[in-house]
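Have a look at the structure below before the remarks.
The values are calculated or read from the model by the stated rules, or taken from the named source; none is laboratory data. On a predicted model such as this, the values are computed, not experimentally measured, just so you know. All Cβ positions, even for glycine, are placed from backbone atoms using ideal geometry, and neighbour counts span all protein chains on display.
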Amino acid sequence: MSTTSMHPATSASQNQPDNQAQSPALPYARRHDQLVGSVIDASTTVLAQYDHDIVKFGMGAPAPDMLPAADFARIAAQVFSPENFTYGETKGEPILIEALHDYLATTDQIPPEQQGNRDRLLITSGGMQGLDLGFKLFVTPGDLVACESPTYTNGSATAMSYEAEILEIPVDEEGMQIDALEEHTKRTGRAPKVIYTVPTFQNPAGVTMSLPRRERLLEVAHRHRSVIIEDNPYGMLRFEGQSLPALSDLSPNDPLIFGVRTFSKFVAPGLRVGWIDVDPEVRELAVNAKQTMDSCAPVPNQHLIARWLIEGGADSHVEVLRKAYRDRKIAMSEGLARLFPGEIRATDPDGGFFLWVTFEDESIDTEDLMTTALEEGVAYIPGPAFSPAGNFSNALRLCFASAAPDRIDDGLERLRRAVDRYRAER
Ligand SMILES: Cc1ncc(COP(=O)(O)O)c(C=O)c1O
């Protein structure tokens, strides 16, 4: 999808104060330059400024109708009690660790070799904190971190906040091109310290890394002793095709694999609860690191999720999600084919939340198009938001999970109008 590109972190923060030019420089830490913010997260604030109806294909969030809200209201009445509104253990509430372990074991989400070992699990404040812990533990300033291109830039931005040098490795329909990574290592004599990947239903491209690529990635990482951060928020949301083993299934109990998971995509993002699945020695250090951040993940929310898992709420809910997301993905793929024939290429994911759309016309700039799209009442995330180097100007990410099929049709028709207007007006 692009050529391999490497660049040190640059100082392009969207969150810099406007008056910086006039103010005397503050004595910031050197790393403040590399706090680049997130276009994805900032989109929530941008949308809040609009009063008219907008079909939201931007943020990767489940729609309100996809949340187990009635279960939550009932369970909250039991667990939102005074003893749960206090600090909890940093590693997580024991009831949640136990319930999570059992859920993962019964749904084949941890390899048999790792089952019974609760010391691998640490409950985090969402997947983002898992990424932060991973990069914090393994990145020394100047270390090379390889990521996919396009990538989930909240992940690469986290690596940059620890002053990593980012290497973008192109993605194709089989995921990260490991040969390109190896070529880069041979050419420069420099192997990545950390490889950051979303191998299953990748954010933003929706593609899944093939089995041969997974095996090759493990071989390369072992040879160079690179840590793999396997970020897997969407793996359980497969609605089509054959499931593939996670990297951690292919190489159980591997201390080089740092697994990052979250409840955000199959339960609710606002609860801010996730987990990491790591070597017990790494978990001990992660506990220390988490204690410098927030002491513990939200305790009432951990109890809410624990009870819901114990009741078996997740089993039926995940089935509902898979069916709904399949219908939504089909609606979006068919709508794109109908409304943009010959004009775009779109990925066709077997699960997860996202479609990646590339305009054949390379002069279409999806950052510029965004203004017109918002006026027409549709939001997406422009391609350059998924590349630390700002590639993919003629691409965009669409989240199909957040809207019902008829609303998806509406949104795509608005996008069609926006593209026509943008072409006519430029
Ligand atoms: C690939 C990936 N990793 C991590 C996260 C962050 O998850 P959370 O919202 O639980 O912090 C997301 C959320 O969009 C994601 O898509």
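Quick check on Val207: is it under 30 Å from Gln302 (Cα atoms) and in contact with a strand residue (DSSP E or B) (Cβ under 8 Å, 6 or more places away or on another chain)? Spell out how you get there, then give the answer.
Values: under 30 Å from Gln302 (Cα atoms): no; in contact with a strand residue (DSSP E or B) (Cβ under 8 Å, 6 or more places away or on another chain): yes.
So Val207 does not fit the description; no.
Among residues of the range 259-273 that are outside the structural domain of Met128 (by TED's automatic domain parsing), none has a Cβ under 6 angstrom from a residue that is surrounded by 24 or more Cβ atoms within 10 Å (Cβ to Cβ) at a sequence gap of 6+ or on a separate chain. Answer yes or no as to whether Ala69 is among the small types (Gly, Ala, Ser), farther than 24 Å from Ser156 by Cα and more than 16 Å from the ligand (Cβ to nearest atom). Yes: the conditions hold for Ala69.
Out of the residues in the range 105-127 that are hydrophobic (A, V, I, L, M, F, W, C) and surrounded by 20 or more Cβ atoms within 10 Å (Cβ to Cβ), which is modelled with the lowest pLDDT? Among those that are hydrophobic (A, V, I, L, M, F, W, C) and surrounded by 20 or more Cβ atoms within 10 Å (Cβ to Cβ), it is Ile110. Screening Leu244, Leu256 for residues that are more than 19 Å from Val145 (Cβ to Cβ), more than 14 Å from the ligand (Cβ to nearest atom) and aliphatic (A, V, I, L, M) leaves exactly one candidate, Leu244. Pairing each residue of the range 215-235 that is assigned by TED's automatic domain parsing to the domain that holds Thr197 and within 16 Å of the ligand (Cβ to nearest atom) with any residue that is in a helix (DSSP H, G or I) and hydroxyl-bearing (Ser, Thr, Tyr), provided the two are 6+ apart or on different chains, yields C-beta distances under 8 Å for Glu230/Ser248. Report yes if Ser333 is polar (S, T, N, Q) and more than 16 Å from Leu415 (Cβ to Cβ), otherwise no. The answer is no for Ser333.
Tell me, please, whether a residue that is at pLDDT below 95, away from the ligand (no atom under 16 Å from the Cβ) and over 23 Å from Gly312 (Cα atoms) can be found in the range 89-98.
no
Of the numbered criteria (1) within 16 Å of the ligand (Cβ to nearest atom); (2) outside any strand (DSSP E or B), the one Ile123 fails is (2). The set of residues in the range 158-178 being of a type in the set (Gly, Ala, Ser) and within 19 Å of Ala395 (Cβ to Cβ) consists of Gly175 alone. I need the full set of residues from the range 107-150 which are at positive phi and touching a residue at least 40 places away in the same chain (Cβ under 8 Å), in order please. Scanning the range 107-150 gives a single hit, Gly126.
Every residue, every condition in (1) in a loop (DSSP other than H, G, I, E, B); (2) surrounded by 17 or more Cβ atoms within 10 Å (Cβ to Cβ); (3) within 16 Å of the ligand (Cβ to nearest atom), yes or no:
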position	(1), (2), (3)
Ala306	no, yes, no
Leu309	no, yes, no
Met332	no, yes, no
Pro349	yes, yes, yes
Trp356	no, yes, yes
Thr371	no, no, no
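Within the range 401-423, count every residue that is closer than 19 Å to Asp65 by Cβ and touching a Gly at 6+ places or on another chain (Cβ under 9 Å). Number of matching residues: 8.
If you go through the range 176-198 and pick out every residue that is within 22 Å of Gly130 (Cα to Cα) and surrounded by fewer than 24 Cβ atoms within 10 Å (Cβ to Cβ), you end up with 1.
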